[in-house]
Amino acid sequence: MSIAALVLAAGRGERLGDALPKAFVPLAGRPLLLRSLGALAAVPEVDRLVPVVAPSDRKHFADLEADFEAELASLSGLAVPVDGGSERQHSVRAGVASLPGEVELVVVHDAARCLVRPADVSRVIDVARRHGAAILAAPVRDTIKRVEAGRVVETPDRASCWAAQTPQVFRTELLREALDRADEDGFLGSDDAQIVERLGVEVRIVEGPPGNLKLTHREDWAVAERWLAAADEGGAS
Ligand code: CTP
Ligand code: MG
């Protein structure tokens with residue numbers, strides 16, 4: 001089965017507020033995008049790896065290629081970057097549109113979630129291969145409140161609440177259909193699974209580790225560095 005991974009890196013990183021777009025900001029010396037590409041390239045099932053980069057960030061990608069030439073050259077199946085869009089969903093659409101017809105399964109991953117472990121990606125692929133749609137997610141630790149106008153309107157049962165992560169893996173045809181339907185309806189999902197759920201299709205959950213952080217704010221860098229150090233000692237989970 002032909003499997004492609006899209007590594008989404010076209011965001012601006014507004015909450016981080018760095019001079020560089022977030023995906024190009026280093027964590028312990030290596031940009032998030034490079035780390036995510038490396039993690040996905042290490043997944044044996046993935047045979048095509050597509051970075052999705054904003055057209056205005058081509059120079060940053062060229063710098064990455066120059067600074068990490070040997071490392072990028074060693075990544076199997078790395079394709080040329082595809083132009084992302086102004087919304088994450090548009091970047092996903094561009095990535096999916098670039099895939100050759102034989103790609104049966106697509107792995108969507110945020111460059112910002114650069115601590116992802118290849119074995120966890122393989123577990124999601126395995127479930128999506130059998131069921132069509134699967135995502136990595138972690139049980140929430142806090143009690144979740146639904147709030148409107150500063151007032152709690154609902155407290156969902158915590159046992160039923162999970163925090164969605166990436167990768168999210170879908171049969172390519174299913175994701176194409178979900179993107180078409182979302183476009184027709186002018187719907188922007190907060191993740192890829194949501195637009196697939198709208199089709200009435202079941203999305204399976206694969207439990208992901210708490211260390212699969214999405215680096216968002218400046219303080220997340222120190223936390224991620226601790227996870228990296230723990231992984232080096234063989235203690236990460
Ligand atoms: N992303 C993308 N295209 C967009 C928006 C986001 O490819 N138009 C990517 C980001 O590069 C990131 C991932 O989607 O790897 C998750 O998005 P997020 O963490 O929100 O990153 P940013 O959008 O860059 O950050 P912010 O929302 O703070 O601007
Ligand atoms: Mg964003």
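For region 140-231, the square roots of the Cα gyration tensor eigenvalues, ordered a ≥ b ≥ c, give a/c of at least 1.5 with a/b no greater than b/c, which places it in the oblate category.
Accessible surface area normalised per residue over region 158-237 is 54 Å², counting heavy atoms of protein chains with a 1.4 Å rolling probe. When Rg and Dmax are taken over the Cα atoms of the chain, they come to 17.5, 54 Å. In terms of the Cα gyration tensor, with a ≥ b ≥ c the square roots of its eigenvalues, is region 123-185 rounded because a/c is under 1.5, prolate because a/b exceeds b/c, or oblate? Verdict is oblate for region 123-185. The orientation-averaged projected area of the convex hull spanned by the Cα atoms of region 56-142 comes to 8.0 nm². Against the compact-protein benchmark of 2.2 N^0.38 Å, the Cα-based radius of gyration of region 191-237 scales to 1.61.
For region 154-197, the square roots of the Cα gyration tensor eigenvalues, ordered a ≥ b ≥ c, give a/c of at least 1.5 with a/b no greater than b/c, which places it in the oblate category. Backbone amide hydrogens, once placed in the peptide plane, bring Leu6 within less than 5 Å of Val50, Val107, Val108, His109, excluding anything fewer than 5 places away on its chain.
Rounded to whole Å, the principal axis extents of the Cα atoms in region 1-104 read 40, 30, 20, largest first.
Comparing Val103, Val80, Val43 in a Gaussian network model of the chain (Cα springs below 10 Å), the most mobile by mean-square fluctuation is Val80. Close amide H contacts of Ala163 (hydrogens built in the peptide plane, cut-off under 5 Å, sequence separation of 5 or more or a different chain): Ala138, Val140.
Couplings 3J(HN,Hα) of region 169-184, computed from phi: 10, 9, 4, 4, 4, 5, 5, 4, 5, 5, 5, 4, 5, 4, 4, 4 Hz, in residue order, whole Hz [Karplus 6.51 cos²θ - 1.76 cosθ + 1.60, θ = phi - 60°; x for Gly and Pro]. Suppose the Debye formula is applied to equal point scatterers at every Cα of region 87-129; what is log10 I(q)/I(0) at q = 0.21, 0.23, 0.26, 0.34 Å⁻¹? Result of the Debye calculation: -0.86, -0.97, -1.07, -1.11. Working note: Karplus 6.51/-1.76/1.60 with θ = phi - 60° gives region 197-205 the couplings 4, 4, 7, x, 8, 6, 10, 7, 9 Hz, where Gly and Pro are set to x.
Helix-only arithmetic for the chain: the sum of -39500 (n - 2.57) across DSSP H runs with n ≥ 4, divided by the residue total, places the mean residue ellipticity at 222 nm at -10000 deg cm²/dmol. Sequentially through region 43-55, phi angles give Karplus couplings (6.51, -1.76, 1.60; θ = phi - 60°) of 8, x, 6, 7, 10, 9, 10, 10, x, 10, 10, 5, x Hz, Gly and Pro residues having no value and appearing as x.
The trypsin sites (Lys or Arg not before Pro) of region 78-150 meeting both criteria, a DSSP state outside H, G, I, E and B (loop) and at most 11 other C-beta atoms within 10 angstrom of the site's C-beta, are Arg141, Lys145. Here the Gaussian network model covers the chain, with springs between Cα atoms less than 10 Å apart; of Ala224, Ala159, Ala149, Ala149 fluctuates the most.
The values are calculated or read from the model by the stated rules, or taken from the named source; none is laboratory data. The structure displayed is predicted, hence computed values, not measured ones. Positions of Cβ are generated from backbone atoms using ideal geometry, with glycine treated the same way; all protein chains shown enter the neighbour counts. Surface areas here come from the heavy atoms of the whole protein model, side chains and all, with no ligands, DNA or RNA. Shrake-Rupley method; radii C 1.70, N 1.55, O 1.52, S 1.80 Å.
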